[in-house]
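Remarks on the structure that follows.
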Amino acid sequence: MTSWGLKKEYVIDVGSGICLGVMGRSGSDIDSLGFMFIKSVRSAVMKDAEYPTLHQVVPSVNVEEIKSMSYNNMTSAEQQNILQISKTITKKSSWSVTNSMETSIGMSVKASIPEVVEIGTEFSFKLGTAITQELENTETRTETLTYDIKVPSGKTMDIQVTIGRANIDLPYNATVEITCLDGAIYQYKKSGVYKGLTYTDAKAVIKDCLKFKLVV
């Protein structure tokens, strides 16, 4: 074989450069051998995410106090007070991936995000509106909360504002859709773990705590 001259070189289009596998045929010798590459990718989206245990798991919520105040009214007329506070919250979300291809092609996610809501005295999960974002996402925002507290004459009103903070860890099933530059579309099923950090809506409890006699 060392006496053979060099054969003609054929330039291979490797498309996206992502190798999906090896193919070939053989008898007593290897007759052909090649690699399978996915075509150049225009977009890759994970969609139709479902969370099988969403309604089977009770969220673990840590309730934090944002503000507590007392308002005394020692006048003969009703008083109106405005309580305004700011709270900075950071929400996080991530979907686990099991192969490097999904990371290298910059896959995005179009899915509904699990949220935590308080119903009566209990917490539960619900799905929010479907949005498009990266596999890992962090959102920080500052919310301004305003409360109107009316204090009758001769009374004390207490207000306590709280918010619930919850870490989410749920398995998910989804579909990955890869669209190539030539319009070809490939789909496959995927499963993994969704991890998130979210908050409930702020809750204000106003109590009539004390009534005292006015001295005129």
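If contacts are Cα pairs under 8 angstrom and at least 6 residues apart, what is the relative contact order of segment 7-90 in percent?
After rounding, I find 19 percent.
Exactly which chymotrypsin sites (Phe, Trp or Tyr not before Pro) in segment 1-87 are in a DSSP loop and have at most 15 other Cβ atoms within 10 Å?
Trp4, Tyr10
If the only charges are +1 at each Lys and Arg Cβ and -1 at each Asp and Glu Cβ, what is the size of the charge dipole of the chain around the Cα centre, to the nearest 20 debye?
The calculated dipole for the chain is roughly 380 debye.
What is the list of residues in segment 145-186 whose amide nitrogen lies under 17 Å from a point 7 angstrom out from the Cα of Gln79, following Cα to Cβ?
Only 147-160 fall inside the zone, counting backbone N under 17 Å.
In which sequence would Ile66, Ile119 go, from the one with the fewest C-beta neighbours within 10 Å to the one with the most?
Least crowded to most crowded, the residues run Ile119, Ile66.
If the chain between Ser108 and Ser60 were fully stretched, how many nm would it gain, using 0.36 nm times the residue separation less the Cα-Cα distance?
14.5 nm
Of Gln187, Trp95, Asn81, which is farthest along the charge dipole of the chain in the positive direction, counting Lys and Arg as +1 and Asp and Glu as -1 at C-beta?
Most positive-ward Cα: Asn81.
Give me the dipole magnitude in Debye, nearest 20, for segment 55-157 about the Cα centre, with unit charges on the beta carbon: positive for Lys and Arg, negative for Asp and Glu.
Its charge dipole is roughly 200 debye.
First select every other residue whose beta carbon is under 15 angstrom from the beta carbon of Val61; then total the charges, Lys and Arg +1, Asp and Glu -1.
-3
Helix-only estimate, please: 222 nm mean residue ellipticity of the chain, summing -39500 (n - 2.57) across DSSP H runs of length 4 or more and dividing by its residues, to the nearest 500.
Value at 222 nm, helices only, nearest 500: -500 deg cm²/dmol.
Label Lys207 and Val117 with points 7 Å out from Cα along Cα→Cβ: what is the distance between them in nm?
Calculated label separation equals 2.8 nm.
Report relative contact order for the chain in percent, whole number only (criteria: Cα-Cα under 8 Å, sequence separation at least 6).
So the answer I get is 28 percent.
Within the chain, what's the longest stretch lacking GluC sites (Glu not before Pro) that sit in DSSP loops with no more than 15 other Cβ atoms inside 10 Å?
Free of exposed loop sites, the longest segment is 79-216.
When the chain is fully extended, how far beyond the present Cα-Cα distance does Ile89 get from Val11, taking 0.36 nm per residue of separation?
Between Ile89 and Val11, full extension yields 22.7 nm more.
When the Cα centres of segment 52-97 and segment 113-187 are compared, how far apart do they sit, in Å?
Between the Cα centre of segment 52-97 and that of segment 113-187, the gap is 13 Å.
Given +1 on the Cβ of Lys and Arg, -1 on the Cβ of Asp and Glu, and no further charges, what dipole in debye does segment 94-203 carry about its Cα centre, rounded to the nearest 20?
I would put it at about 220 debye.
Anything over 27 Å Cα to Cα? Flag those among Lys87/Lys207; Lys92/Lys150; Lys8/Lys39, in the order listed.
Lys92/Lys150
Read-outs throughout are calculated quantities, based only on the coordinates presented, and are distinct from any laboratory measurement. Quick caveat: nothing in here was measured; it's all calculated off a predicted structure. Counting neighbours? That spans all protein chains shown, and the Cβs are built from the backbone with ideal geometry, glycine included.
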